[in-house]
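Down below is the structure, laid out as structure tokens.
The values are calculated or read from the model by the stated rules, or taken from the named source; none is laboratory data. This structure is a prediction, so every number in the text was calculated from the model and none was measured. Positions of Cβ are backbone-derived with ideal geometry, glycine not excepted, and every protein chain shown enters the neighbour counts. For the accessible areas, the whole protein counts, side chains as well, though only heavy atoms, and no ligand, DNA or RNA atoms are used. Shrake-Rupley method; radii C 1.70, N 1.55, O 1.52, S 1.80 Å.
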Amino acid sequence: MAQQSDIHLYTTQTPNGIKISILLEELGLEYQTTAIELTKNTQKEPWFLDINPNGRIPALTDKLEDGQTIKLFESGSIMQYLVERYDKDHRVSYPYGSREHWEVNNWVFWQMGGLGPMQGQFAHFNRYAPEKIKYGIDRYKNETRRLYRVMDQHLQKSSSGYLVGDRCTIADISCWGWVAAAVFDEAGSGIDIKEFPALKEWRDKLLARPGVEKGRHVPSPHKAIDNEKLSEELKKTFETSRKWIQASMKEDSK
């Protein structure tokens, strides 16, 4: 039975969004979900900006023990909050101050500062930019591949198959959605996961976990991993996204 909570998740189907729903499922927590429609700029509406002034997903609200509402944004911050408050048995974490605790932090910050931004910029220049800029595409593709190689080499030395210690943690969950979004096609991410065998094995190992399988489909079906190559459906999605991303960038620049 799921543990009761007052958690409300505001999210959409992105690598950052599914981090939180996967973690909530791994922790066995009850939660409400509101799907944010990025193409309609729901994330820029006043009610959402009251939760996250930065106008990005994911965001989360919860009730503290004194009954006051806490508003959380930035996926890494949300993940740390959830394990510190709700993972007392350390199902996907380690005791505070332990060596493994700090090593988990290493990978969470590595993903937030490296893997996510670099792969995100690669996807932007390769899929959504109004013109093809080879330098930008090559720069971010090469950096993303380098980061994949960092993970692959680290996982080759892992006896458990996870990034830290003997269990799946928020380090793995934080990175999984990004690696799962690698579609081998020059019109997609342009990175072949098969180049990184330990990383592919890790990706599939997490996929076999019930919490990951359930959480990745919140708030809508997760399709990025279903095809090793870019599908026609994904191409149409990229085309639709390209239009609203350009419009959103124009609005943000005002």
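Label zone (GLU103, point 7 Å along Cα-to-C-beta; backbone nitrogen cut-off 11 Å) within the range 14-28: none. Think of the chain as having a plus end and a minus end, set by charges on the Cβ of Lys, Arg, Asp and Glu; of SER98, GLY136, TRP178, GLY136 sits farthest toward the positive end of this dipole.
Using the average count of surrounding beta-carbon atoms within 10 Å as a protection proxy, the listed peptides 9-18, 143-152 rank, highest first, as 9-18, 143-152. Please report the carbon-and-sulfur percent of the accessible area for the chain; probe 1.4 Å, protein heavy atoms only, DNA, RNA and ligands left out. Solvent-exposed carbon and sulfur of the chain make up 50 percent of the total. Considering helices alone, the calculated mean residue ellipticity of the chain at 222 nm is -15000 deg cm²/dmol, with DSSP H runs of length four and up weighted by -39500 (n - 2.57) and normalised per residue. For the residue pairs LYS71/LYS223; LYS44/LYS132; LYS19/LYS44, the C-alpha atoms sit more than 23 angstrom apart in LYS71/LYS223; LYS44/LYS132.
If the limit is 25 Å between Cα atoms, which of LYS157/LYS205; LYS141/LYS200; LYS134/LYS157 go over it? LYS134/LYS157, as the Cα separations exceed 25 Å there. Based on the Kirkwood approach, the hydrodynamic radius assigned to the chain is 18.9 Å, with every pair of different Cα atoms included.
Put a plus charge on the Cβ of each Lys and Arg, a minus charge on the Cβ of each Asp and Glu, and nothing anywhere else: the dipole of the range 9-93 about its Cα centre is then about 280 debye.
The slack between LYS71 and GLU45, meaning 0.36 nm per residue of separation minus the straight C-alpha distance, is 7.8 nm.
For the chain, the dipole from Cβ point charges (+1 on Lys and Arg, -1 on Asp and Glu) about the Cα centre works out to 780 debye, to the nearest 20. Accessible surface calculations at 1.4 Å, restricted to protein heavy atoms, place the chain at 51 Å² per residue. Counting DSSP beta bridges with both partners in the chain, what percentage is antiparallel, nearest 5? The antiparallel proportion sits near 60 percent.
Does the range 94-147 come out rounded, prolate or oblate, given a ≥ b ≥ c as the square roots of the eigenvalues of its C-alpha gyration tensor, rounded meaning a/c under 1.5 and, failing that, prolate meaning a/b above b/c? Taking the square roots of the gyration eigenvalues as a ≥ b ≥ c, the range 94-147 is prolate.
Dividing the mean sequence gap of close Cα pairs (under 8 Å, 6+ apart) by how many residues the chain holds gives a relative contact order of 23 percent. The value of relative contact order for the range 5-115, using C-alpha pairs under 8 Å at least six residues apart, is 24 percent.
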